2 protein chains.
Amino acid sequence: MIEDKMSQKTNISQLGEFGLIEHLTKHFNITNASTLKGIGDDAAVLDFGSKQTVVSTDLLIEGVHFDLAYMPLKHLGYKSVVVNLSDIYAMNAKATQITVSIAVSNRFSLEALEALYAGISLAAKQYGVDVIGGDTTSSQKGMIISITALGEAEEKEITYRNGAKPNDLLVVSGDLGAAYMGLQVLEREKQVFLVNPNNQPDLDVYSYLIERQLKPEARKDIPEILKALNIKPSSMIDISDGLSSEILHLCKQSQVGCNVYEEKLPLDPQFINVCEEFNLDSTTIALNGGEDYELLFTIKMDDYDKLKGNPNFTVIGHIAPPEEGIHLVTRANTKIELKARGWNALSE
Amino acid sequence: MIEDKMSQKTNISQLGEFGLIEHLTKHFNITNASTLKGIGDDAAVLDFGSKQTVVSTDLLIEGVHFDLAYMPLKHLGYKSVVVNLSDIYAMNAKATQITVSIAVSNRFSLEALEALYAGISLAAKQYGVDVIGGDTTSSQKGMIISITALGEAEEKEITYRNGAKPNDLLVVSGDLGAAYMGLQVLEREKQVFLVNPNNQPDLDVYSYLIERQLKPEARKDIPEILKALNIKPSSMIDISDGLSSEILHLCKQSQVGCNVYEEKLPLDPQFINVCEEFNLDSTTIALNGGEDYELLFTIKMDDYDKLKGNPNFTVIGHIAPPEEGIHLVTRANTKIELKARGWNALSE
């Protein structure tokens with residue numbers, strides 16, 4: 001699935017390190033005024049004038065964060081960028097630049113790296129960020145991707161995790177759990193494929209879930225919409241590690257409690273169907289699935305009318321004083337303490 | 001050599017990803033005024049006011065860039081930071097922040113990671129940079145370190161690779177080749193150790209070379225000294241990939257030629273002795289060794305008097321028109337075309 005076996009392959013060591021960087025990065029154009037110098041010197045040079053700069057970084061390891069058996073390289077490149085930008089948007093900022101470092105073992109050809117960079121390039125274009133630097137090297141095993149994203153915002157716009165106050169409303173963008181169920185579908189198909197490589201899976205009924213897993217989008221639009229609605233969130237976080245885990249982070253840093261309502265959790269119909277097919281509890285997956293790249297934020301009660309009925313947002317609960325704790329209120333109206341069971345990259 | 005076998009080990013999966021990050025980063029203090037928010041949100045927040053921001057990134061892979069058989073983890077942490085900062089100083093800028101991402105396989109204990117972070121922390125303190133973020137995850141094999149460094153400078157101070165002009169003088173800081181010969185000594189001792197683990201090597205006569213390999217320093221002082229001397233270099237580059245290779249980069253980007261004089265290359269006496277011991281040509285190693293983390297820059301002829309006699313600098317040649325090519329002028333006064341034979345991370 002990774003490579004077209006018939007096409008010609010170029011061994012990357014033929015180009016050398018500098019030749020490879022030059023080859024892979026020659027199509028990266030500079031579009032942001034804040035980018036003074038991109039790739040090609042010891043460091044990139046940026047100028048954010050009177051704005052503030054935000055920085056975020058992620059490290060993705062083959063076999064831990066992605067599986068090339070069902071993740072095409074172009075999608076992987078795209079997703080690697082999106083994952084990072086999501087953190088910038090979670091600061092209520094505009095993403096402007098990324099650096100991209102890649103390490104690959106010699107099982108990857110030049111064409112494989114080109115596919116990866118095509119995805120990176122597409123994401124950079126889609127999100128309007130400049131690729132300003134990076135490092136390309138060899139690994140002893142598998143592929144490693146490290147991306148650092150930079151962004152800018154006015155001082156008064158930047159939204160931290162620690163500003164939630166009792167009675168604020170808890171809001172999430174998009175819907176929950178689809179990326180996780182997309183992964184379950186892909187894992188199942190991988191097993192089927194291993195048993196019978198000629199089996200042609202019909203994945204149409206899973207298309208939304210698979211897209212959420214393989215080609216997720218970051219919510220570039222949310223800071224823009226919030227600004228247009230004249231809403232400054234009191235706190236914001238991205239929910240890549242799972243809703244429960246991120247609610248706990250937000251509440252811990254804001255030193256508040258919270259009530260989340262099970263019946264309010266926004267779920268896509270395809271997600272609900274596939275949870276039934278897999279005999280999984282949709283609430284559990286929505287709370288703990290992870291990789292949704294949606295934004296979770298809090299707003300003042302007074303701002304509710306501004307976003308009421310907006311299809312991008314769902315109010316899922318409210319902030320409470322710290323002594324009330326952090327709970328899920330079930331459909332049966334019982335309160336269960338919310339615990340993080342999010343994806344843990346360090347568990348074995 | 002990596003670990004004290006008697007000490008107690010803590011499995012890192014016991015802490016979980018967030019617990020681990022918190023544990024490892026709790027001692028990182030913020031010291032730069034430009035750091036508004038460090039670790040603990042989706043992104044760090046910086047404010048460079050009216051200055052410009054420089055950004056550099058590096059990816060280090062166990063077995064490719066370092067060998068834990070002779071590289072203690074604390075040294076590795078220190079060196080990983082230094083490698084990145086060197087690129088910031090090569091822009092004639094002040095380093096101010098770093099992000100640090102680490103991936104480790106489960107063969108590493110918490111204590112091992114603490115040693116690595118102790119080195120990172122020491123380097124951050126030594127160089128006055130704030131650790132503002134990062135990512136900690138698991139790898140399928142070995143250790144992976146990704147560091148992104150940020151710095152600041154006045155617009156007029158920033159020095160690119162492309163500003164060298166014919167008749168400019170070519171200057172290098174420090175001395176050349178020692179880090180490479182340090183590596184040769186360590187590789188030899190590793191082989192001796194594999195044959196007879198009880199052999200206690202006497203490495204005193206190699207101390208300078210080994211220090212250059214295991215605990216290199218970046219030239220934070222050079223931008224400061226140049227400023228004090230009122231010299232603005234016309235171009236600058238760090239020579240981590242080897243002098244030859246970096247001279248070629250600088251000349252290519254500046255579209256100039258260059259003559260480098262063999263007799264001018266600054267060599268430490270210990271380096272010369274050990275080259276003889278290993279039966280290696282000291283000029284070849286000085287030109288191609290790599291990992292010296294010194295700075296190579298060009299200055300106008302008029303500025304020569306300002307740095308003449310300064311022990312930090314050696315004038316090793318001069319820039320020529322492009323049609324003259326790029327040559328080494330040997331002690332026998334013959335001209336040899338300079339070729340890059342620097343360390344290539346992608347060759348097998």
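No value in this document is a laboratory result; all are computed from the given coordinates. For clarity, every value in this text was computed on a predicted model and none was experimentally measured. Heads up, the Cβs are rebuilt from the backbone with ideal geometry, glycines too, and the neighbour counts pull from every protein chain shown.
For the reader, a short list of remarks on this structure follows.
- Beta bridges from DSSP with both residues in the range B:168-337: antiparallel share about 85 percent, rounded to the nearest 5.
- Dipole magnitude for the protein assembly as shown: computed about the Cα centre from +1 point charges on Lys and Arg Cβ and -1 point charges on Asp and Glu Cβ, it is near 500 debye.
- Positive-pole candidate from B:Thr31, B:Thr57, B:Ile21, dipole of the range B:11-61, charges at beta carbon: B:Thr31
- Three-way shape call for the range B:47-95 based on the alpha-carbon gyration tensor, with the a/c threshold at 1.5: prolate
- Sparsely packed loop sites in the range A:261-343 (the trypsin sites (Lys or Arg not before Pro) outside DSSP H, G, I, E and B with at most 11 other Cβ atoms within 10 Å) comprise A:Lys308, A:Arg331.
- Summing Cβ point charges (Lys, Arg +1; Asp, Glu -1) relative to the Cα centre of the range B:168-337 gives a dipole of roughly 360 debye.
- Span-like helix ranges in chain B, DSSP H, alpha carbon extent 18 angstrom or more, Kyte mean at least 0.5: B:110-127
- Farthest toward positive dipole pole in the range B:168-337 [+1 Lys/Arg, -1 Asp/Glu at C-beta], among B:Pro201, B:Leu248, B:Ile299: B:Ile299
- Of A:Ala228, A:Ile210, A:Gln184, farthest towards positive along the dipole that unit charges on Lys, Arg, Asp, Glu beta carbons give the range A:184-233: A:Ala228
- Label point 7 Å beyond Cα along the C-beta direction, distances from A:Ser13 to other copies (nm, shortest first): 3.4
- Cα gyration tensor shape of the protein assembly as shown, rounded if a/c is under 1.5, else prolate or oblate by comparing a/b with b/c: prolate
- Position B:Ala69, label points 7 Å along Cα→Cβ, spacing to each other copy in nm (shortest first, one decimal): 3.4
- The charge dipole of chain A, taken about the Cα centre with unit charges on the Cβ atoms of Lys, Arg (+1) and Asp, Glu (-1), comes to about 260 debye, rounded to the nearest 20.
- Only beta bridges with both residues in chain A are counted; by DSSP, about 75 percent of them are antiparallel.
- Environment charge at B:Gln126 (Cβ cut-off 9 Å; Lys +1, Arg +1, Asp -1, Glu -1): +1
- Global geometry of chain A, whether rounded, prolate or oblate, following the gyration tensor of its Cα atoms and the 1.5 cut on a/c: oblate
- Among B:Tyr70, B:Tyr180, B:Tyr293, the residue with the largest mean-square fluctuation in a Gaussian network model of chain B, with springs joining Cα atoms closer than 10 Å, is B:Tyr70.
- Shown for B:Ile30: label points 7 Å from Cα along the beta-carbon vector, and their distances to the equivalent points in the other copies, 3.0 nm in ascending order.
- Within the range A:31-157, percent of DSSP bridges classed antiparallel, to nearest 5: 70 percent
- Taking 25 Å as the limit for the C-alpha separation, the pairs A:Lys232/A:Lys339; A:Lys37/B:Lys335; B:Lys26/B:Lys190; A:Lys252/A:Lys300 exceed it in the case of A:Lys232/A:Lys339; A:Lys37/B:Lys335; B:Lys26/B:Lys190.
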